[in-house]
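I am attaching a structure below and will ask some questions about it afterwards.
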Amino acid sequence: MRRHVAAMPSRAYFYWVTREQGSFEWFKSIVNEVAELDKKSVIEMHNYLSSVYEEGDARSAFISMVQALHHAKRGLDIVSGTPVRTHFARPNWSKVFSRLAAIHDGARIGVFYCGSNRLGKELDMLSKKFTRKSSTRFIFHKEHY
């Protein structure tokens, strides 16, 4: 009898999206540890602060400039206090899926989500959409809490 051995992921993409800057604080030690231990750059991490205007908006230009200078000089993000640079506004999920489909052509990608039902429905829909329009297969999983 042959055993089926599941392939281990070669890459992980982590997106942390929050409205409040303080939410980064409780997760900070984990992000710092992952960044320190990930010597082979297997995990790509992204922080998003959705309560701030989009990058490129004149109202967020100053904080973006200060943030970039601080990150370049000290290697730490001034918003999250981690090595992971914080982006402003919400991620453009369609661009995220498109990028992943292009990078991992023909691969099977698990999309794991924990959060509001509204965004969960959007990510589930995008998983199905990009599975249909590319050779990459996105499989959506939602954590219920």
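From the set of residues in the stretch 63-82 that are charged (D, E, K, R) and surrounded by fewer than 16 Cβ atoms within 10 Å (Cβ to Cβ), which is farthest from F112 (Cα to Cα)?
Filtering first and then ranking leaves K73.
I'd like the residue in the stretch 15-29 that is part of a helix (DSSP H, G or I) and not charged (D, E, K, R) and, out of all such residues, is most open to solvent (accessible area, probe 1.4 Å).
Looking at residues that are part of a helix (DSSP H, G or I) and not charged (D, E, K, R), I get W26.
A further question on this structure: Which of the residues spanning the stretch 12-28 are among the hydroxyl-bearing types (S, T, Y) and modelled with pLDDT under 90?
Matches in the stretch 12-28: S23 only.
For the stretch 32-60, name all the residues that are of a type in the set (S, T, Y) and modelled with pLDDT of 90 or more.
Across the stretch 32-60, the qualifying residue is only Y48.
Restricting the search to the stretch 83-106, which residues are in a loop (DSSP other than H, G, I, E, B) and either crowded, with 17+ Cβ neighbours inside 10 Å or in contact with a helix residue (DSSP H, G or I) (Cβ under 7 Å, 6 or more places away or on another chain) (or both)?
Hits for the stretch 83-106 are P83, V84, R85, A89, H104.
Inside the stretch 69-82, can you point out the residues that are in a helix (DSSP H, G or I) and without any contact (Cβ under 8 Å) to a residue 12 or more places away in the chain?
L69, H70, A72, K73, R74
I'm checking my understanding of the structure. Among residues of the stretch 107-126 that are under 15 Å from the mean Cα position of the chain (by Cα) and over 21 Å from S50 (Cα atoms), which one is surrounded by the most Cβ atoms within 10 Å (Cβ to Cβ)?
I109
Within the stretch 35-62, restricting attention to residues that are free of Cβ contacts under 8 Å to residues at least 12 places away in the same chain and part of a helix (DSSP H, G or I), which residue is surrounded by the fewest Cβ atoms within 10 Å (Cβ to Cβ)?
Ranking the qualifying residues of the stretch 35-62, first place goes to A58.
Within the stretch 130-145, track down each residue that is open to solvent by 80 Å² or more (accessible area, probe 1.4 Å) and either at positive phi or not in a loop (DSSP other than H, G, I, E, B) (or both).
Here is the first cut: in the stretch 130-145, the residues open to solvent by 80 Å² or more (accessible area, probe 1.4 Å) are 132-133, 137, 143-145.
Listed by number, the residues that qualify are R132, K133, R137, E143.
Within the stretch 83-94, which residues are free of Cβ contacts under 8 Å to residues at least 60 places away in the same chain, within 24 Å of L126 (Cβ to Cβ) and not hydrophobic (A, V, I, L, M, F, W, C)?
Hits for the stretch 83-94 are R85, H87, N92, S94.
The values are calculated or read from the model by the stated rules, or taken from the named source; none is laboratory data. Treat the numbers as computed from the prediction; the structure is a model and nothing was measured. Note that we place each Cβ from the backbone using ideal geometry, even for glycine, and neighbour counts take in every protein chain shown. Please note that ligands, DNA and RNA were not included when accessible areas were found on the heavy atoms of the full protein model with its side chains. Shrake-Rupley method; radii C 1.70, N 1.55, O 1.52, S 1.80 Å.
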